[in-house]
Amino acid sequence: MPRPSRSLAVLLALAGCSRSGEPQAPRPPPSPGVAAPAPDVWAPSTGVPLPPETPYARQWLVLLHASSTPGEGAEDLRALARTGLPSAPARLSTTAFRDLRPCLEVVVAQAFATRAEAVTYQARLREAGVAADVKYAGPLEEGREAREATCLAAVEARTALAESLSRRDAPRFVESHEGRTFMLLGESQESRVLEPLDARRSVWMAPAPEDPTGLFKVGERVDLYGAEGLVKADCAVKGFAWLNRGRPAVDYFLREPSPDAPGCGQAWTFAELDCRVRPGPPLFALPSGTPAPVFFQRDAAPDAERADQEARALRRSERYLALRLEGAQWAERRGEPLREEVDTVGFSQGERRVLFSVARLRVGEGHSECGIDFDQQATRGVVSAPGAAERVVSRADLAGEDVVGVLDLEDDGQVEWLLRETWPATTLRLVREDGREVAGAVVETCDSGC
C-alpha cells in the first residue's frame, strides 16, 4: 500500500520541488542548437526569478524517461552517458508546460529549437542503443497552480484508494486482459520480475502463490456488478498475480529489440477469477453473500422545463462562473469563440431520482489532454426522494469525469457515483455524495502528452 509520506514526496517533486539529498541529473554546458537550462533566470522588468523550466519553454524535448514517481530513470542517464553523445540532461516537471501532460517527472537528454533537430538527435540515440521520445513542451502553463491542484487531487485519490482496498468487504474493480478476468487487491511495494501478458507488451504479469494482502483465498467467491446491476454471480478466485498495466510513451512500443520490462507504472496485486467478462464497461466485485446494491437506471432526458431549471442553477455555481471567466480569457487570447454545452441526464430507482447536469466549456478542438485548448466542466447533481428535501451535490472533483452510473451501495438512502476519468490518468472511482472514496482503480500513464 502506498504510504502518505511517499505520496507527499511525489507531490512535492511534481510541483517542482525535490526531496532533500536526492541526486539530480547533471547539467553540462550547452551544445550547439541546444536550449540549455539556466539555474537562475531573472525577469528583467521585475527582478523576480522565473521558473527553472523557463529555458525549456517552446522547445522540442528528447525524453529518456517519464514517470509519476520522481527520481526514476537513473539507468537511462547512465545509458546516455555511455553513448558519448553531447547531452544536457535535466529533470523537469511536466506540470510547468502547457503542451505536456501534468503530474509527471521527465528526464530530458537535450532540448532543441526545432523538431527536425530533436528527431535527428533521437535517431542518433537509437543507433547507440538508447530509446527516447520527442515531445513539444509548448509555452509555460499560465494556470500552473490549477494543474498542481489536479496533481494533488490525484495523490489524495491514490491514498484514498489504498485505504479503501485494505478491507475485505470493499468493492473492488475488475479488469479483463487477454480473455482473463482479474480483481484488484492492492499495490505491490516490491519490484517484481514480470513477463508480458500480451503481444504488444502493454500488460506485464507475474504469478503470486497466494494473496499478498492476506484478504482472499483460492475458492472464495464474488459477485460482479456493472453500472446498472448484476453481471456475473458466484465467480471463484482461482489464483493471484501481480500485474503492471502502466501506459508508456509511444516510442516504447517501437523499440527494437522489444523491451524486457514494463515502460511505466508499477505492479498491482490481483486475484484471477474463473469467469469471463467483456472488456470495456466498468465492473466491480463484492464478496458473495453481500447484499446487492440498489441500482438506478438511466432515464430519457428530463422535460425541457426541468432541464432549463437545472442549467440555470448550474450556471449560478461558483465553479461555473470561474470557468466561464477563464474560458472567455482563453478565447480572447486565441481569437476563437468559447463554446458551451449543457446536458442533463436522469437516473431513477422507483420514486427516487437523480438529475446530473454537466456544463462543458471549450475553446479550439478541446485537446486539453495536451494542454493545447481549453476544455473544462462544471457539474451539479440533485438527489430527490418522496418525503425528503432535495439534496444538491456540487463538487469540483466531479468535474472532468463522466458519470457512468448511480447506485445506493448499502441501501441507506445515500447514493454513490460510479465515475470514469481519462485524464491525467485512467481512473475508475466509486464515490459517495460527500466525496469520500469507496473504491478506485488507476492505470498509470507516463506519456507526457503531444
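The values are calculated or read from the model by the stated rules, or taken from the named source; none is laboratory data. All values reported here derive from a predicted model rather than from experimental measurement. When we count neighbours, we look across all protein chains shown, and the Cβ atoms used for this are built from the backbone with ideal geometry, even at glycine.
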Given the conditions (1) closer than 30 Å to Pro212 by Cα; (2) out of contact with any strand residue (DSSP E or B) (no Cβ under 7 Å at 6 or more places or on another chain), and given that Arg276 satisfies all but one, which numbered condition is not satisfied?
(2)
Per the filter on segment 46-92, residues within 16 Å of Gly129 (Cα to Cα), buried (at least 19 other Cβ atoms within 10 Å of the Cβ) and in contact with a Gly (Cβ under 8 Å, 6 or more places away or on another chain) are Leu64, His65
Lone qualifier among Val250, Val277 - being modelled with pLDDT under 90 and among the β-branched types (Val, Ile, Thr):
Val250
Just to be sure I understand, how many residues within segment 401-428 are touching a residue at least 24 places away in the same chain (Cβ under 8 Å), hydrophobic (A, V, I, L, M, F, W, C) and part of a strand (DSSP E or B)?
7
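Just checking, which of Pro23, Pro28, Pro52, Pro102 is within 24 Å of the chain's Cα centre (by Cα), modelled with pLDDT under 90 and outside any strand (DSSP E or B)? Steps first, please.
Working: Pro23 fails: within 24 Å of the chain's Cα centre (by Cα); Pro28 fails: within 24 Å of the chain's Cα centre (by Cα); Pro52 fails: within 24 Å of the chain's Cα centre (by Cα).
Within the list Pro23, Pro28, Pro52, Pro102, the selection yields Pro102.
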Tally, over segment 429-443, of residues that are assigned to a strand (DSSP E or B), farther than 16 Å from Thr150 by Cα and in contact (Cβ under 8 Å) with a residue 24 or more places away in the chain:
8
Inspect all residues belonging to segment 243-253 and state whether any of them is without any contact (Cβ under 8 Å) to a residue 24 or more places away in the chain and outside any strand (DSSP E or B).
no
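Please go through segment 352-363 and give me each residue that is within 13 Å of Asp299 (Cβ to Cβ) and surrounded by fewer than 20 Cβ atoms within 10 Å (Cβ to Cβ), ordered by number.
The first filter runs over segment 352-363 and keeps only residues within 13 Å of Asp299 (Cβ to Cβ), leaving 352-356.
Arg352, Arg353 - these are the residues of segment 352-363 that are within 13 Å of Asp299 (Cβ to Cβ) and surrounded by fewer than 20 Cβ atoms within 10 Å (Cβ to Cβ).
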Which residue, of Pro212, Pro281, is in a loop (DSSP other than H, G, I, E, B) and under 22 Å from Ala425 (Cα atoms)?
Pro281
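Looking for whichever is part of a strand (DSSP E or B) and either within 24 Å of Thr69 (Cα to Cα) or in contact with a helix residue (DSSP H, G or I) (Cβ under 9 Å, 6 or more places away or on another chain) (or both) here; the options are Leu125, Leu184, Leu152, Leu224. Which one fits?
Numbers: Leu125 fails: part of a strand (DSSP E or B); Leu152 fails: part of a strand (DSSP E or B); Leu224 fails: either within 24 Å of Thr69 (Cα to Cα) or in contact with a helix residue (DSSP H, G or I) (Cβ under 9 Å, 6 or more places away or on another chain) (or both).
Matching residue, one of Leu125, Leu184, Leu152, Leu224: Leu184.
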From the list Glu127, Glu156, Glu141, exactly one residue is surrounded by fewer than 19 Cβ atoms within 10 Å (Cβ to Cβ) and over 20 Å from Arg429 (Cα atoms). Which is it?
Glu127
Quick one: count up the residues across segment 162-176 that are farther than 17 Å from Ala236 by Cα and not hydrophobic (A, V, I, L, M, F, W, C).
4
Suppose we filter Ala199, Ala206 for residues that are over 30 Å from Gln349 (Cβ atoms), of a type in the set (A, V, I, L, M, F, W, C), out of contact with any Cys (no Cβ under 9 Å at 6 or more places or on another chain) and surrounded by fewer than 14 Cβ atoms within 10 Å (Cβ to Cβ); which single one remains?
Ala199
